[in-house]
Amino acid sequence: PKEYVDLYPLEDIAVPANFKAEYPYNEEIGSGRRLRDERLAPFPRTEYAVKVHRQEYYAIKAHLFAKLQELPKKYNDGLTLPAPAALGIEGAGKEDHDK
């Protein structure tokens with residue numbers, strides 16, 4: 001949802017230090033430009049596209065975490081959710097990935 005995307009402004013999202021617009025060996029390993037996933041963003045990759053993808057990833061993670069926290073309230077059955085780390089979620093935001 002847009003309200004979660006808006007939590008992560010693009011200007012606050014870092015491009016990974018190892019960013020490459022194009023992996024130099026993509027054809028040799030069979031992940032060339034003709035693959036479906038490679039057509040989902042501009043090619044070669046742009047820093048903007050990488051930031052948008054990371055923004056969307058952080059947003060969906062935050063949305064999932066928020067929905068998981070609603071379960072005990074919704075069902076009111078005393079269910080205790082595990083801590084986010086137990087779910088493989090160190091937190092709901094990007095700070096865990098930008099270290």
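Some observations on this one:
- Nitroxide proxy distance, nm - points 7 Å out along Cα→Cβ at residue 19 and residue 56: 1.7
- Estimated D of the range 4-55 in µm² per second, where Rh is the Kirkwood radius over Cα pairs and Stokes-Einstein applies at 20 °C, 1.002 mPa s: 175
- Inter-label distance, residue 67 to residue 28: 4.1 nm, where each label sits 7 Å from its Cα along the C-beta direction.
- Area of residue 51 that stays accessible when all protein chains are in place (1.4 Å probe, Å², to 10): 50
- Computed with every protein chain present, the accessible area of residue 60 is close to 100 Å² [probe 1.4 Å].
- Full extension of the segment from residue 39 to residue 10, taken as 0.36 nm per residue of separation minus the current Cα-Cα distance, would add 8.3 nm.
- Entry note: the range 25-65 has Rg to Rh equal to 1.11, where both radii use alpha-carbon atoms and Rh is the Kirkwood radius.
- Computed on protein heavy atoms with a 1.4 Å probe, the accessible areas place 63, 53 in the order 53, 63, largest first.
- Accessible area ranking (1.4 Å probe, heavy atoms, ligands and nucleic acids excluded), largest first, for 4, 48, 58: 48, 4, 58.
The values are calculated or read from the model by the stated rules, or taken from the named source; none is laboratory data. The model shown is predicted, which means the values in this text are computed figures rather than measured ones. A quick note on method: Cβ atoms are made from the backbone with ideal geometry, for glycine too, and the neighbour counts reach across all protein chains shown. To get the accessible areas, we keep the full protein, side chains included, count just its heavy atoms, and leave off ligands, DNA and RNA. Shrake-Rupley method; radii C 1.70, N 1.55, O 1.52, S 1.80 Å.
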